[in-house]
Amino acid sequence: MDIGDGGAVDLDPSDSAYGLISIEDLLQLEEEEDDPHGAMEMEHYGSCSSTQSQSKRAASLSRFRQKRKEGSKVGFTSHIHHHFHVYTSTSTMEYPSRCSDAQRAASLSRLRQKRKERCFANKVRYSARQQAALRVHRSKTQFILSNKQEGRNSLGAFQESGCTHCGISSKCTPVMRRGPSGPGSLCNACGLSWANRGERRGSFHLSSESYRLSVSDLRMAASAITLTLTTRVPLSTRTRTSPTLAMAVSVDQKTDNNLTLRKSQEAFTAAKELLPGGVNSPVRAFKSVGGQPIVIDSVKGSRMWDIDGNEYIDYVGSWGPAIIGHADDQVLAALAETMKKGTSFGAPCLLENTLAELVISAVPSIEMVRFVNSGTEACMGALRLARAFTGKEKIIKFEGCYHGHADPFLVKAGSGVATLGLPDSPGVPKAATYETLTAPYNDLAAVEKLFEANKGDIAAVFLEPVVGNAGFIVPKPEFLSFLRKITKENNTLLVFDEVMTGFRLSYGGAQEYFGITPDLTTLGKIIGGGLPVGAYGGRRDIMEMVAPAGPMYQAGTLSGNPLAMTAGIQTLQRIKEPGTYEYLDKITGELVQGIIEAGKRAGHAICGGHISGMFGFFFTDGPVYNFADAKKSDTAKFARFFWGMLAEGVYLAPSQFEAGFTSLAHTSDDIKKTIAAAEKVLREI
C-alpha cells in the first residue's frame, strides 16, 4: 500500500487497552503534537487495508489524544494482520531527536533512488527508536508471519548463533522460515529444521541496510514507497520460501491445479532487457517449443517449483548433475561445513586430491586428471592437449555431438545449436574450424574416408559415446570398437566426451559400460554435484604434457575450488553405493517403456530408449542412429507434448534434441504419475 492509504484494523479488539489508528492518523498527529516522536514506537510490516469504519478510527484517535494528555506512553505497532494497533503503558520515555535534517534528507534521497532501482525496496521496515527518527530497512528477507496466539512476541523465529546443523549464521542466511509444526524454522542453507533460541518482536531484516527518516518524511515519500509482505504456503510437506525478486514477483499459494505462468512471464520479460534472449544458456529459452520459459524458485529431490507456485516432477536434473536428486541434505550440509573455511583459495587444497582419487579409481582411461570449471573448458583443454601430444592439428567430430562452445567444435554441433537450428556460429573464423572434420554418428565408412583423405594428419577423434545433445542416440554395437581400432592404427587419440555420460551410465561412465577405453576423457556435471566443474584426464604420458608438468598451458582461477570438490566428493560417494545403477535402470526403463507404449496406443510415430538414468524419445518411427535421423522427428508435435506435460506437472527438456535424466530421488510413484500424464497428453495431441 502507498503511505497515506488510511487503512487500519484492530489486532485484538477484545482487549480494551488496544485501539485502532491508521497511518493517515499518525501523520495528522504529527502535525498536532509538539513532540511527535516522544513515546511513539511504530513498526510496520505488510500492507494496511481500509476495512475499519471511520467512527472506530475516530474513537481510537480520541482515546489516543486523551492518553497523551494524561501523560501515558502511547505506542503504535503493526503485526500479523497487517495494520496498526494502539497500546498504552504506564511508563514514560523521552526520545530526544538526534537525527539531523541532513541525515534525514540523505536517507530519503537514497531510499528514493533504491526504489527507482527496484532494489529490494518492496521490503521496507520503519521503526522509531531512541534516536527519534524512523529507520528504514531494505532487505532481501522474505517475511513469514507467526500465528495469532504468539501475540506480538515474534513474527518468526530468530536464532542468534545460526543453524545447529550447518552452522551458518542467521545473519548470513537470506531466508528464515517457520517449521510446519509451529514455532521454529528451517535453515535456508541446509533445509533442516532448528528450534528457537530466543524471539524478537517484529521480523527479520537480515543483511539489511538502514536509512533514517522522520515521521514527516513518510508524507514526502508517500508516492515513492510501497510496503508489501508476501508469504507462500508450500505445496508439499517441506516448508519452503523464496527470496524476493527485485521486481516484486512473489511466490503465492496455488489454489488450483491449472498451469499459471503470469509471474514467470513477467520475470522473463524483465530478463530480456537484462540478458541476451532473457537467459544465460540458449536452450533454456524454450525457442524450439514456443512460449516463454518458466522461472524456477526452488528444487528438492525429484521436484521443482516455479515462482507461480507450480510444482513439477523434474526430468532435466539441471541438465544431468542431479543424479542423487536436487538439494540433497548431505551435500548441502557438507557444503555448509566447507564454506566455514572459505569458498575459494587460489591455492591447492586436500579436497582436490580426494576427488581426483575417486575419479581415477572409477574411470578406466584416467591415470591423471586436471580439474576445470565447465565441460566446455574441459573439451578445450583436451583438444589442445591432443594436438600438443600428437603434433597434429586436425580432429574428427560427429554431426550433432556437442563439445562446448569453443570455436573448433562449433561445426555441425548439437545442444542449443541444434535446438535453435543455428548454422555454424557467426564470430567463429574459418581458420578456427578449418582443421575440424565431421562425419555422421555411427557411420563407419565416413570415418574411414576421412582417415584416408587426411592420412597422418588427424590428432584426435572426439565424440559423445552416447549422444545426449541431439536427443538420446546410442552407438551401434561395432561403432566404438571400430573407432578404437582405427585411431590406434593411425596414431590418433580417441577422446570420449563424458561430460554427460560420465558417472551417469555406470560408475565408470560409458567407457566402463561399453568396455572401450579411450586415450582421453572429459567430465563435468555429476563430478561437481551441481556446482560448476569440469575435468579432463587420461594416460599419464599424455597428461604429463599439461603445465606445469609439461609445456601445454592451461589454467583457471577457480579450478579445483573447495565447494565444487566437496559437492563432487559427496555425490560420487553416494552413487558408489550398491544398487544405484540397478535402481536408475529400473525406473528409467519403466518410464520410457510407458511413454512409448502410450504413444503407440494413441497412434503416434514414436521411438526411444534408455541406459541407466539417461533416456530420450523421438516423434518418428525410427530407428535413430544419427542427427539426420533425429531431425526427421515431428518437432511441432513434441512442442505440444512438452506443454501438455508441463500442464500436468511434468518438466521435460524443452527440446526434442536433448536427453532426459532420472535420479535416485525419483520414486515409483513419480514414474506412474508421469506415465499417466503422458497417456492423457498423447491422446489429446
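The values are calculated or read from the model by the stated rules, or taken from the named source; none is laboratory data. The structure displayed is predicted, hence computed values, not measured ones. Methodologically, a virtual Cβ is constructed for each residue, glycine included, from the backbone with ideal geometry; neighbour enumeration extends over all protein chains shown. Accessible surface areas use protein heavy atoms only, side chains included; no ligands, DNA or RNA. Shrake-Rupley method; radii C 1.70, N 1.55, O 1.52, S 1.80 Å.
Considering every residue within the stretch 626-634, establish whether at least one is modelled with pLDDT of 95 or more and either under 25 Å from the mean Cα position of the chain (by Cα) or assigned to a strand (DSSP E or B) (or both).
no
Scan the stretch 588-611 and report the pairs whose first residue is more than 22 Å from ARG504 (Cα to Cα) and whose second residue is open to solvent by 10 Å² or more (accessible area, probe 1.4 Å) and part of a helix (DSSP H, G or I), with Cβ atoms within less than 8 Å and a gap of 6+ or a chain change.
ALA598/ILE675; ALA598/GLU679; ARG601/GLU679; ALA602/GLU679; ALA602/ARG683; HIS604/LYS637; ILE606/ILE596; ILE606/LYS600
Just to be sure before I move on: is GLY414 in a loop (DSSP other than H, G, I, E, B), open to solvent by less than 30 Å² (accessible area, probe 1.4 Å) and at pLDDT below 95 in the structure I sent? Lay out the reasoning, then the answer.
On the way: in a loop (DSSP other than H, G, I, E, B): yes; open to solvent by less than 30 Å² (accessible area, probe 1.4 Å): yes; at pLDDT below 95: yes.
The answer is yes for GLY414.
Can you name the condition, by its number, that VAL650 falls short on among (1) in contact with a Gly (Cβ under 8 Å, 6 or more places away or on another chain); (2) within 23 Å of LEU259 (Cβ to Cβ); (3) open to solvent by less than 30 Å² (accessible area, probe 1.4 Å)?
Only one criterion is unmet by VAL650, namely (1).
How many of the residues making up the stretch 370-399 are closer than 28 Å to GLY529 by Cα and open to solvent by 30 Å² or more (accessible area, probe 1.4 Å)?
The qualifying residues number 6.
From GLY609, GLY589, GLY644, GLY594, which residue is modelled with pLDDT of 95 or more, among the small types (Gly, Ala, Ser) and under 20 Å from GLY290 (Cβ atoms)? Show your work before the answer.
Details: GLY609 fails: under 20 Å from GLY290 (Cβ atoms); GLY589 fails: under 20 Å from GLY290 (Cβ atoms); GLY594 fails: under 20 Å from GLY290 (Cβ atoms).
So the residue among GLY609, GLY589, GLY644, GLY594 that is modelled with pLDDT of 95 or more, among the small types (Gly, Ala, Ser) and under 20 Å from GLY290 (Cβ atoms) is GLY644.
Can you say whether GLU590 is within 30 Å of ILE606 (Cα to Cα) and not aromatic (Phe, Trp, Tyr), as far as the supplied structure shows? Walk me through how you get there before you give the answer.
On the way: within 30 Å of ILE606 (Cα to Cα): yes; not aromatic (Phe, Trp, Tyr): yes.
For GLU590, the condition - within 30 Å of ILE606 (Cα to Cα) and not aromatic (Phe, Trp, Tyr) - is met.
For the stretch 607-622, check the following and say yes or no: at least one residue is surrounded by fewer than 22 Cβ atoms within 10 Å (Cβ to Cβ) and closer than 30 Å to LYS340 by Cβ.
Checked against the condition, which is being surrounded by fewer than 22 Cβ atoms within 10 Å (Cβ to Cβ) and closer than 30 Å to LYS340 by Cβ, the stretch 607-622 yields no hits at all.
Go through (1) open to solvent by less than 30 Å² (accessible area, probe 1.4 Å); (2) in contact with a Leu (Cβ under 6 Å, 6 or more places away or on another chain) for ALA602 and report which single condition fails.
It fails just one condition, (1).
Any residue in the stretch 475-498 that's under 21 Å from GLY400 (Cα atoms) and at pLDDT 95 or above: show its pairings with residues that are in a helix (DSSP H, G or I) and among the hydroxyl-bearing types (Ser, Thr, Tyr) at Cβ separation under 7 Å, as long as the two are six or more apart or on different chains.
Final answer for the pair search is LEU493/THR390; LEU493/THR487; LEU494/THR487.
Condition (residue is open to solvent by less than 10 Å² (accessible area, probe 1.4 Å) and outside any loop (DSSP other than H, G, I, E, B)) applied to the stretch 338-350: is it met by at least one residue?
Looking through the stretch 338-350, none of the residues is open to solvent by less than 10 Å² (accessible area, probe 1.4 Å) and outside any loop (DSSP other than H, G, I, E, B).
Restricting attention to the stretch 522-553, and to residues there that are out of contact with any Lys or Arg (no Cβ under 7 Å at 6 or more places or on another chain) and hydroxyl-bearing (Ser, Thr, Tyr), which single residue is modelled with the highest pLDDT?
Across the stretch 522-553, the extreme among qualifying residues is THR522.
Suppose we filter LEU385, LEU332 for residues that are assigned to a helix (DSSP H, G or I) and closer than 13 Å to ALA564 by Cα; which single one remains? Outline the logic, then answer.
On the way: LEU385 fails: closer than 13 Å to ALA564 by Cα.
Of the residues listed, the single one that is assigned to a helix (DSSP H, G or I) and closer than 13 Å to ALA564 by Cα is LEU332.
Across the stretch 421-474, what is the number of residues that are open to solvent by 70 Å² or more (accessible area, probe 1.4 Å) and free of Cβ contacts under 8 Å to residues at least 24 places away in the same chain?
Qualifying residue count for the region: 11.
Looking only at the stretch 285-329, how many residues end up being among the small types (Gly, Ala, Ser) and in a loop (DSSP other than H, G, I, E, B)? Can you show your working first?
Within the stretch 285-329, the subset among the small types (Gly, Ala, Ser) is 285, 288, 290-291, 298, 301-302, 309, 317-318, 320, 322, 325, 327.
Narrowing further to those that are in a loop (DSSP other than H, G, I, E, B): 288, 290-291, 302, 309, 320, 322, 325, 327.
Count: 9.
If a residue must be more than 11 Å from ASP407 (Cβ to Cβ) and modelled with pLDDT of 85 or more, how many such residues does the stretch 420-434 contain?
From the stretch 420-434, those more than 11 Å from ASP407 (Cβ to Cβ) are 420-423, 426; that's our starting set.
Still in the list and also modelled with pLDDT of 85 or more: none.
Counting residues in the stretch 420-434 that are more than 11 Å from ASP407 (Cβ to Cβ) and modelled with pLDDT of 85 or more gives 0.
Does TYR507 count as among the aromatic types (Phe, Trp, Tyr), in a loop (DSSP other than H, G, I, E, B) and either open to solvent by 10 Å² or more (accessible area, probe 1.4 Å) or touching a Pro at 6+ places or on another chain (Cβ under 8 Å) (or both)?
On the way: among the aromatic types (Phe, Trp, Tyr): yes; in a loop (DSSP other than H, G, I, E, B): yes; either open to solvent by 10 Å² or more (accessible area, probe 1.4 Å) or touching a Pro at 6+ places or on another chain (Cβ under 8 Å) (or both): yes.
The answer is yes for TYR507.
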